[in-house]
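Reading through the structure tokens given below for one structure.
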Amino acid sequence: APAGAFPEWFLNPDGSLPSFEASQASGLSVGVPGNVALAWKAHERYGKLPWAALFEPAIALARDGFVINRQLFNSATANRDFAAASASGRAWLYGADGKPKPVGTRVTNPELAATFAAIAAEGPQALYAGPRAHAIASTVAAATPRPTPMSPADIASYTAKERSPVCGTYRGYRICGMGPPSSGGIAVIGILGMLERFDLKTLGPQSPVTWHLFLEAQRLAYADRELYAADSDFVSVPVRGLTDPAYLAERSQLISPDRSLGLVTPGRPAGAPLALADGDEPPENGTSHFAAVDGSGTMVSYTSTIESAFGSGLMANGFFLNNELTDFSRSPTGPDGKPVANRVEGNKRPRSSMAPTVVWDPQGRPVLAVGAAGGPTIPVSTTRAIIGFIDFGLPPREALALPFVMAFGDQVLLEKGTWLEGAADRFRALGHTKLMFREAPIKAGAVGRVRGGGWQAARDPRVESNVEVP
């Protein structure tokens, strides 16, 4: 968040909370971009190819164009208010009649190609200083109804921070994920830790009881992460307590194979602060994830997002600006008047659900890199894939193809078109009475070791095939 941000950042002058869409379509929602700073820092330490060479495919796509596929067309149709909010967005994705350009249309973005070329040649300072930084700041400031909007100094002072991973074990496998301000690693380790006492392998992947247990562990883990997870530079996050095997075993005792808990409350792990209120979290549709491994076994799991499908709708330098600050709790206090851990503060990073994860087998060999997109569904997608890989012995493609099930409060989503629909009565008998049948709002990617010692790369089969490239 810019240095001038404060807890009431999103509130109306009368103290009321505007609609989410009103907050999103504003400079208030834009955080300082972090991807380039992160990539540069990681490349300095671990990179093997020349920095400039990494940009060549992206420059070619922006300069020479790519073909609009069905997924992009549908997104432009559903999110027109944001995708067409700027002149650049309208020119890129929409015709003179105001309708999205049809599937098969080749579109180019020469301004973005120039931005990529500058970053390739000059490094991150091409974005974080000079005219491109001023373009970001001025675009955001013009749309920010506050006297202290984002400034060039906010952009110039951005630093990608290295933080301790959140690690745990599951059936002898070592699993490490992203720590605060993301809640993803805490949630993944929490769900797995609570499931470890159950014999999921024997139950199998097509047992309603398997996914009932999964739902119960997810509810308990999410109750904890929604109360405690935030930027650890500003809030004391009890990561060690939340991932302590003894604490997770205690929470697991609340789970019954025969009956749902329904609504649950957070636990009290060691080191938990006392005066916090729950916060909210919006869905994310502008998130991407990829996983990779090299010949030496080095694994990378990378999640990147601009939050909503077209972020804030604001554009600068050829790209959409994020609405990441709506990942903060827009209300600074809860109904009981207690402060929310994830409230807005200057220079603070918002909580996310990102869960890029890497896994080593009991012999210490790297075996899986996995992660997902989809806002609060991310830890569920990621954990589901890990269970498929470890408990059911599935290769990555089959693990990602497992049907999706998730609890949203006391409601349960069963993926439409899968065997879960036909098992609805079994779920109701287990106490899950409020069922939704919908397509799974998820995207996941993984690369994992398979029988014979090779590796298999996989993406979620729900994702339409990627755009055509020249």
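Values as computed for the structure displayed
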quantity	calculated
Odd one out for S301 among (1) in a strand (DSSP E or B); (2) touching an Asp or Glu at 6+ places or on another chain (Cβ under 9 Å); (3) crowded, with 22+ Cβ neighbours inside 10 Å	(2)
Check on V412, touching a His at 6+ places or on another chain (Cβ under 6 Å) and either farther than 27 Å from R174 by Cβ or at pLDDT 95 or above (or both)	yes
First in region 234-259 and touching a residue at least 24 places away in the same chain (Cβ under 8 Å), second anywhere and of a type in the set (S, T, Y), Cβ under 7 Å, 6 or more apart	V237/Y228; P238/Y228; G241/Y247; L242/Y228
Qualifying position, being at pLDDT below 95 and touching a Pro at 6+ places or on another chain (Cβ under 6 Å), among P283, P273, P269	P269
Close pairs (7 angstrom Cβ cut-off, 6 or more residues apart or separate chains): more than 19 Å from G241 (Cβ to Cβ) in region 193-204, assigned to a loop (DSSP other than H, G, I, E, B) and of a type outside the set (K, R) anywhere	L200/D391; K201/D391; K201/F392
Hey, L420 farther than 23 Å from F290 by Cβ and at pLDDT 95 or above or not	yes
Candidate set from region 155-210 (those that are of a type in the set (D, E) and within 21 Å of L402 (Cβ to Cβ)); member that is most open to solvent (accessible area, probe 1.4 Å)	D199
Those residues of region 98-137 which are open to solvent by 40 Å² or more (accessible area, probe 1.4 Å) and in a strand (DSSP E or B), in sequence order	R106
Test: R174 is part of a loop (DSSP other than H, G, I, E, B) and either at pLDDT below 95 or on the phi < 0 side of the Ramachandran plot (or both)	no
Among (1) over 26 Å from the mean Cα position of the chain (by Cα); (2) part of a loop (DSSP other than H, G, I, E, B); (3) of a type outside the set (A, V, I, L, M, F, W, C) - the single one Y158 does not satisfy	(1)
Criterion: touching a Leu at 6+ places or on another chain (Cβ under 6 Å), at pLDDT 95 or above, farther than 20 Å from V450 by Cα and of a type outside the set (K, R) - qualifying residue of G318, G313	G318
Helices (runs of 4 or more DSSP H) wholly inside region 315-424 that include at least 2 residues being crowded, with 22+ Cβ neighbours inside 10 Å	378-390, 396-400
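The values are calculated or read from the model by the stated rules, or taken from the named source; none is laboratory data. On a predicted model such as this, the values are computed, not experimentally measured, just so you know. We place every Cβ from the backbone using ideal geometry, glycine too, and count neighbours over all the protein chains shown. What goes into the accessible areas is simple: the full protein's heavy atoms, side chains included, and nothing from ligands, DNA or RNA. Shrake-Rupley method; radii C 1.70, N 1.55, O 1.52, S 1.80 Å.
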